[in-house]
Amino acid sequence: MDNKKSNLIPWLIVFMAFLATALSFLDRQVLSITIIRIKEDFHVSDVEYGFINTAFLISYAIMFTGGGILIDKYGSRLGLAFSVGLWSIATMLHGLANNVFQFGFFRFILGLGEGGAFPGAIKAVVEWVPKKRQSLANGIAIGGSAIGAVVAPPLCVYLIHQTGWRGVFLTTGIIGVIWVIVWLLFPKNNGGKKQISEKSEAPVQKPAMPKFFDILKIKEVWVFILVRFLLDPIFYFYMFWIPKYLNEARGDSLDTIGQLFWIPFLALGISNIFGGYLSDEVYKKTGSLNYARKIIMGIAAFLTTAALLVKYAPTSEMAILFITIAVFAHGLWITNYITSISDMFGKSITSTVIGLSGTAGALSALVLNPVMGVIITRFSYDPIWVYSGIMYSVAFIGFILFIPKIKLLAQFT
């Protein structure tokens, strides 16, 4: 293989990872849009719809860790192919569902597949992209999720008009199957037992993967887990509650919400990539991974305080502006948070640690979302905005105290 092709393939891999995370958010959002038409054919109560979504969250939380472990063991090529293939089949099966149980069961399978999306995407970056460009590559890879969230509403509405709600599930599922076929056409990655050092052409032996319970004994692993546990409910709040907030607290119509709600997620996709680019530039200038990651995370933590201003916004447009700044900041944060995991744990257990932290975040959101509902019902949205505006700064302070320096841990060198 000539040098030009070998330099291009890693970025094609990153682009495929981008498409995979975009598909993951697209496929999980299809039901939330098609449910309007599904209710016309079958009686699905709000409680039953809640249970259908809970089925997804449970399996997604389980397989965030399970998928991470399997992908660390078998690599991103097989891991992502299996994950995308499984959730694409589950998506198509939604189009055959005729009752609540079937929707819930297929939703559970969807979560099993999607649990491997982000661990697999990051694993692909770690396997293929040099360290000096990994933050940018991670930003692109996970940035697909935001683009999927932006594309899902208009695409699904168009397909509903063209094919009916069953056709939406079939079409998006087929797109995933095509992705798997293309993905498997790429050469096997260089993240197997032998890898090439960036500074030398000599092959170096991959460190042995520790046992699962030994991983749980590493202090730094728990720091990353705790950060996601504290902060993920905020992002789920932005995803699940903003339309309801605009409607109930500000009196906006569905059309107005549709015109505004995509903006924060477009900003998220941009900041995922921009945060990675900035971090890589700092790394090139300073030679310090610690500065490169923490400087951007600190800026992000400061920007998330924009959430404190939402309650004071005189108009919905101004409220969306503050929300967009906060979501943009989350994109800067999450790209460098995830890259920090690969910086510290290398190729051996990066996907496992990402999986463990993702599971913690999903479980936290699963528990705290009903609590948010109680707080909003009994009080208002104000306490949630306060939590959203201060917790990134609290988490950042804890992060720099418990992880004074981001560097590859000795046992993974």
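The values are calculated or read from the model by the stated rules, or taken from the named source; none is laboratory data. Owing to the predicted nature of the structure, the values given are computational and were not obtained by experimental measurement. Because the Cβ atoms are built from the backbone with ideal geometry, glycine has one as well, and the counts that use them run over all protein chains shown.
Summary table below
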| read-out | value |
| --- | --- |
| Complete set of residues in region 110-135 that are assigned to a helix (DSSP H, G or I) and within 17 Å of ARG28 (Cβ to Cβ) | LEU110, GLY111, LEU112, GLY113, GLU114, ALA117, PHE118, PRO119, GLY120, ALA121 |
| Odd one out for LEU8, checked against (1) without any contact (Cβ under 8 Å) to a residue 40 or more places away in the chain; (2) more than 27 Å from LYS347 (Cα to Cα) | (2) |
| Selected residue (only one of LYS73, LYS4 is at pLDDT below 85 and more than 21 Å from MET239 (Cβ to Cβ)) | LYS4 |
| Filter result (at pLDDT 85 or above and surrounded by fewer than 18 Cβ atoms within 10 Å (Cβ to Cβ)) within region 118-141 | PRO130 |
| Matching entry among LEU136, LEU155 (being over 19 Å from the mean Cα position of the chain (by Cα) and within 20 Å of PHE265 (Cα to Cα)) | LEU155 |
| Lone qualifier among GLY355, GLY389, GLY346 - being closer than 17 Å to ILE225 by Cβ, within 21 Å of the chain's Cα centre (by Cα) and surrounded by 15 or more Cβ atoms within 10 Å (Cβ to Cβ) | GLY355 |
| Close pairs from region 224-241: first not assigned by TED's automatic domain parsing to the domain that holds TRP262, partner outside any helix (DSSP H, G or I), Cβ under 6 Å, at least 6 apart | none |
| So ALA329, is it more than 19 Å from VAL129 (Cα to Cα), without any contact (Cβ under 8 Å) to a residue 12 or more places away in the chain and of a type in the set (Gly, Ala, Ser) | no |
| Unique match (being of a type outside the set (Gly, Ala, Ser), assigned to a helix (DSSP H, G or I) and modelled with pLDDT of 95 or more) among VAL367, VAL386, VAL371 | VAL386 |
| Qualifying residue in region 136-153 (condition: in a helix (DSSP H, G or I) and on the phi > 0 side of the Ramachandran plot) | no |
| Filtered residues of region 377-392 (kept if among the basic types (Lys, Arg) and in contact (Cβ under 8 Å) with a residue 24 or more places away in the chain) | none |
| Residue that is within 25 Å of LEU266 (Cβ to Cβ), of a type outside the set (Lys, Arg) and crowded, with 20+ Cβ neighbours inside 10 Å, where the choices are GLY95, GLY115, GLY144 | GLY144 |
| Sole residue being within 17 Å of GLU220 (Cα to Cα), without any contact (Cβ under 8 Å) to a residue 40 or more places away in the chain and either surrounded by fewer than 20 Cβ atoms within 10 Å (Cβ to Cβ) or within 24 Å of the chain's Cα centre (by Cα) (or both), chosen from ALA360, ALA395, ALA410, ALA313 | ALA410 |
| Unmet requirement for LYS219, which otherwise passes all of (1) in contact (Cβ under 8 Å) with a residue 60 or more places away in the chain; (2) surrounded by 17 or more Cβ atoms within 10 Å (Cβ to Cβ) | (2) |
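Yes or no, residue by residue, for (1) assigned by TED's automatic domain parsing to the domain that holds ASP232; (2) farther than 16 Å from HIS94 by Cα; (3) surrounded by fewer than 16 Cβ atoms within 10 Å (Cβ to Cβ); (4) not β-branched (Val, Ile, Thr):
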residue	(1), (2), (3), (4)
PRO10	no, yes, no, yes
ILE13	no, yes, no, no
ALA17	no, yes, no, yes
LEU23	no, no, no, yes
SER45	no, yes, yes, yes
ALA61	no, yes, no, yes
GLY66	no, yes, no, yes
ILE69	no, yes, no, no
LYS73	no, yes, yes, yes
